Every structure is written in structure tokens, then in C-alpha cells.
Amino acid sequence: ASRNFDVLRSPVICVLGHVDTGKTKMLDTIRRTNVQLGEAGGITQQIGATRVPAEALKERCRKARNFDPDSVKIPGFLIIDTPGHESFANLRSRGSSLCDVAILVVDIMHGLEPQTIESLKLLLKRGTPFVVALNKVDRLYGYESNPQKDIYQHLKAQSSNVQLEFKERYEKIVTEFAENSVNVALSNQNKNTDEYVSIVPTSAFLGDGIGNLLAYIVDYSQDKLAERLAFCTELDCTVMEVRSLPGLGTTVDVILLNGTLKRGDIIVLTGTEGPICSEIRDLLMPAPLREIRVKGDYEHYASIQGAQGVKVLAKGLDNVVAGLPLFVCRRSDELEVLKADAQKQ
Ligand code: GTP
Ligand code: MG
Ligand code: NA
């Protein structure tokens with residue numbers, strides 16, 4: 001396998017946090033979609049994936065002061081949405097294990113809630129870097145929104161009551177993080193991102209601060225994760241969800257981190273009743289800024305290079321176990337070894 005330091009792949013970014021903190025709404029604002037409104041009870045129940053191309057990132061990051069759109073070297077972001085409801089701990093674990101960096105969403109009115117702390121522990125255990133989105137700042141009493149502005153300049157322009165309420169709630173949340181052994185600082189004041197986790201105030205609903213949040217992750221990824229993001233030809237692919245779709249049968253949605261998947265590839269996966277071996281019939285992806293878990297007009301591909309969220313079509317995928325690797329058999333003498341590997345999982 002070879003690494004190419006001139007070609008960076010998209011970082012995979014997982015959005016985590018307690019139920020209803022605004023994870024899906026934040027993605028809707030970035031995508032300009034309304035996925036959250038269509039969810040049963042407004043509750044996310046599956047892992048999703050959305051690619052945000054560099055052009056869209058540049059346009060949304062322009063709102064952050066001091067951000068240079070010409071500095072963007074990554075091809076975009078692949079953002080994974082997860083459920084915050086307590087019954088989906090397995091999906092949070094799966095999502096956080098797939099990502100390069102995470103966004104931990106905290107409701108400024110509620111502070112650290114049980115699944116926020118659960119998510120925080122997953123990130124700390126795995127050593128996954130993350131940024132905190134301190135969301136719903138529009139709920140500060142008297143807050144006036146302006147999603148076009150840099151959030152820090154904009155906060156300074158709020159009434160003194162809003163600034164005071166922000167300060168009080170922010171300081172309370174800093175203490176709650178400290179109680180969980182995490183030092184945090186506002187992203188514009190954070191001089192040491194190895195010691196302090198950055199916080200960006202946001203309104204997922206109105207868009208305030210979203211440019212600052214995305215700009216922070218672009219800079220962080222390129223500065224701190226460049227080596228990890230150098231495209232690698234060795235396949236790194238994990239099954240995110242197994243979904244049955246009308247007309248398509250059982251498909252698997254995978255996160256292809258590194259390497260390439262091709263139509264006709266022989267794949268080996270872990271099944272509930274032993275290893276599953278099949279041939280890729282087709283590779284589908286939603287359009288950019290569209291959610292893979294929303295049925296729509298998927299685009300067909302003969303070959304896809306990571307990092308991407310991909311819907312894989314093949315026969316016999318009914319019993320695939322999610323959360324585990326998808327292997328590709330490149331030489332016939334590899335098949336038995338890969339089957340044994342799949343069964344060990
Ligand atoms: P789960 O996926 O079910 O865990 O929830 P979630 O974190 O994805 O939250 P979701 O996007 O479903 O938002 C929950 C509710 O909060 C919805 O009614 C949103 O409209 C609202 N909401 C989200 N972000 C904001 C925000 O920034 N400000 C305000 N005022 N409301 C918000
Ligand atoms: Mg959601
Ligand atoms: Na919700």
C-alpha cells in the first residue's frame with residue numbers, strides 16, 4: 001500500500017451529542033435541506049452520511065474572519081450524523097469509531113447531558129480529536145441573529161444582557177467539561193489545541209457560527225491531521241448500515257475511508273451465519289450535500305475512491321453485520337484468508 005502526501009482525502013467527521021441538541025439541524029443548515037423535519041418524532045434512528053465538497057466549504061467558511069478560502073486543500077468533508085437517543089449507543093460507538101474528527105454538539109441551555117457525556121467518553125477512550133459546537137445560542141434572551149457574520153464579532157455586538165447570559169452559561173459548561181477532565185476554550189482564544197478542546201458557539205437553526213465551526217475543522221484537519229489524511233491505497237472500508245430498499249434489495253452503506261471500490265470487485269463481509277462473499281453489482285452515492293439515508297436519486301459509479309459514504313449493491317447481503325470491515329478479494333488465493341478474517345470479527 002502506498003500513501004500519497006500530495007493527495008489528501010476528505011476527513012470523516014462524526015456529529016455526536018445528546019438527543020435534540022441540533023445535530024441533524026446543523027447538517028440541514030450546511031446542506032440547505034430539511035431532513036430533520038421528515039424524521040419520525042424528530043428523532044434520528046440511523047447513521048447518515050453527507051459529502052460536503054470543497055467549494056461548498058469555502059462558501060460557508062467565508063463568514064469566519066481570517067479564513068482564507070484559497071487555503072483549502074482537502075477535497076471536502078464526509079460528515080456522519082448519529083442519533084442522540086439513549087437507545088442508540090451502538091450507533092454512536094460505530095460512528096465515532098469511523099471518524100477522523102468529531103463535532104460534539106451541546107445545547108447551551110442544557111449543558112452536558114447524559115449522552116453528551118457518553119459520547120465524550122467514547123472520544124476520549126479512542127483519542128479522537130473533537131470540537132464542541134455550543135448550539136442554540138439564538139435561545140439566549142434577546143439574541144439577534146446574523147448568520148452572515150463571524151460569530152465572535154457578532155457576539156460582541158449583542159446587548160450586554162445577552163453577553164452576560166452567554167458568559168454565565170459558557171462558564172458553567174466549562175466547569176462541567178472540567179468535571180469530566182476536559183479543558184475547553186473558545187476557538188478564537190485557544191492557543192493550544194493539543195491541551196484545550198475548542199468550543200464554537202452556533203445556531204444550527206439560523207446558521208450563526210456554522211462558518212466558524214467548519215473553518216475551524218478545515219484548519220485543524222490540514223494542520224494536525226495531514227499525515228492521516230494522505231490518501232492510502234490500502235482498503236479501509238466499514239459497513240455503516242444494512243438497508244433494504246424497494247427495487248434494490250438489501251444494500252450496505254459503507255464508509256470507504258481509504259482505497260478504492262470497483263464494480264465487479266469480490267467482497268467479503270461478516271454475516272450472522274458465517275462469512276458472506278459476493279460481487280459488487282453497482283456503487284451508488286447521493287449527490288453532494290444530500291443525505292445517503294434519504295431515498296433519492298443516487299448517482300451510479302463504476303469506481304469510487306475514499307473517503308466517501310457509498311451504497312454497495314450486491315446479492316446476498318441480508319445477513320451482513322454492521323459496524324465491521326468490508327474486505328475486497330484481489331487475488332483468488334486470498335479468498336479463504338479473508339473469509340476467516342471476516343469470521344474472526
Ligand atoms: P437526535 O438526532 O434525535 O438526537 O436530535 P438532533 O441532535 O439531531 O437534534 P435535531 O436536529 O433533531 O433538533 C432538535 C430540535 O431542536 C428541533 O426542533 C430543532 O429545530 C431544534 N434546534 C436545533 N438546533 C437549534 C438551534 O440552534 N436553535 C434553536 N432554537 N433550535 C434548534
Ligand atoms: Mg438527529
Ligand atoms: Na432530534
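Every residue, every condition in (1) within 30 Å of Glu234 (Cα to Cα); (2) near ligand 1 (Cβ under 9 Å from one of its atoms); (3) hydrophobic (A, V, I, L, M, F, W, C), yes or no:
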| residue | (1), (2), (3) |
| --- | --- |
| Asp28 | no, yes, no |
| Gly42 | no, yes, no |
| Thr50 | yes, no, no |
| Ala64 | no, no, yes |
| Leu78 | yes, no, yes |
| Ser93 | yes, no, no |
| Leu98 | yes, no, yes |
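For the range 1-19, name all the residues that are buried (at least 20 other Cβ atoms within 10 Å of the Cβ) and within 13 Å of ligand 2 (Cβ to nearest atom).
Across the range 1-19, the qualifying residues are Cys14, Val15, Leu16, Gly17, His18.
Considering only residues that are of a type in the set (Val, Ile, Thr) and either outside any strand (DSSP E or B) or in contact with a helix residue (DSSP H, G or I) (Cβ under 6 Å, 6 or more places away or on another chain) (or both), look in the range 208-251 and name the one that is surrounded by the fewest Cβ atoms within 10 Å (Cβ to Cβ).
So the residue we want is Thr233.
Is it the case that Ile280 is farther than 21 Å from Ser244 by Cβ and either modelled with pLDDT of 95 or more or over 23 Å from the mean Cα position of the chain (by Cα) (or both)? Steps first, answer last, please.
Details: farther than 21 Å from Ser244 by Cβ: no; either modelled with pLDDT of 95 or more or over 23 Å from the mean Cα position of the chain (by Cα) (or both): yes.
For Ile280, the condition - farther than 21 Å from Ser244 by Cβ and either modelled with pLDDT of 95 or more or over 23 Å from the mean Cα position of the chain (by Cα) (or both) - is not met.
Just to be sure before I move on: is His85 surrounded by fewer than 21 Cβ atoms within 10 Å (Cβ to Cβ), at pLDDT 95 or above and within 13 Å of ligand 3 (Cβ to nearest atom) in the structure I sent? Give the derivation first.
Numbers: surrounded by fewer than 21 Cβ atoms within 10 Å (Cβ to Cβ): yes; at pLDDT 95 or above: yes; within 13 Å of ligand 3 (Cβ to nearest atom): yes.
When the stated conditions are applied, His85 passes them.
Regarding Ile103, is this residue in a loop (DSSP other than H, G, I, E, B), more than 10 Å from ligand 1 (Cβ to nearest atom), crowded, with 19+ Cβ neighbours inside 10 Å and of a type outside the set (Lys, Arg)?
Values: in a loop (DSSP other than H, G, I, E, B): no; more than 10 Å from ligand 1 (Cβ to nearest atom): yes; crowded, with 19+ Cβ neighbours inside 10 Å: yes; of a type outside the set (Lys, Arg): yes.
For Ile103, the condition - in a loop (DSSP other than H, G, I, E, B), more than 10 Å from ligand 1 (Cβ to nearest atom), crowded, with 19+ Cβ neighbours inside 10 Å and of a type outside the set (Lys, Arg) - is not met.
Among residues belonging to the range 17-50 that are more than 10 Å from Gly84 (Cα to Cα), in a loop (DSSP other than H, G, I, E, B) and β-branched (Val, Ile, Thr), point out the one that is nearest to ligand 3 (Cβ to nearest atom).
Val35
Could you figure out which of (1) away from ligand 1 (no atom under 16 Å from the Cβ); (2) aromatic (Phe, Trp, Tyr); (3) within 14 Å of the chain's Cα centre (by Cα) isn't true of Phe130?
The failed condition is (1).
Hey, among Leu155, Leu164, Leu123, which residue is over 20 Å from Ala64 (Cβ atoms), surrounded by 20 or more Cβ atoms within 10 Å (Cβ to Cβ) and either more than 16 Å from ligand 3 (Cβ to nearest atom) or modelled with pLDDT under 95 (or both)? I'd like the intermediate steps shown before the answer.
Working: Leu155 fails: over 20 Å from Ala64 (Cβ atoms); Leu164 fails: surrounded by 20 or more Cβ atoms within 10 Å (Cβ to Cβ).
Checking each option against the conditions leaves just Leu123.
Out of (1) within 24 Å of Asn66 (Cβ to Cβ); (2) in a helix (DSSP H, G or I); (3) touching a residue at least 40 places away in the same chain (Cβ under 8 Å); (4) of a type in the set (A, V, I, L, M), what's the single condition that is false for Ile173?
Answer for Ile173: the failing condition is (1).
Please work out if Lys295 is more than 26 Å from the chain's Cα centre (by Cα) and modelled with pLDDT under 95.
Values: more than 26 Å from the chain's Cα centre (by Cα): no; modelled with pLDDT under 95: yes.
It is false that Lys295 is more than 26 Å from the chain's Cα centre (by Cα) and modelled with pLDDT under 95.
The values are calculated or read from the model by the stated rules, or taken from the named source; none is laboratory data. Quick caveat: nothing in here was measured; it's all calculated off a predicted structure. Cβ: placed from backbone, ideal geometry, glycine included. Neighbour counts: every protein chain shown.
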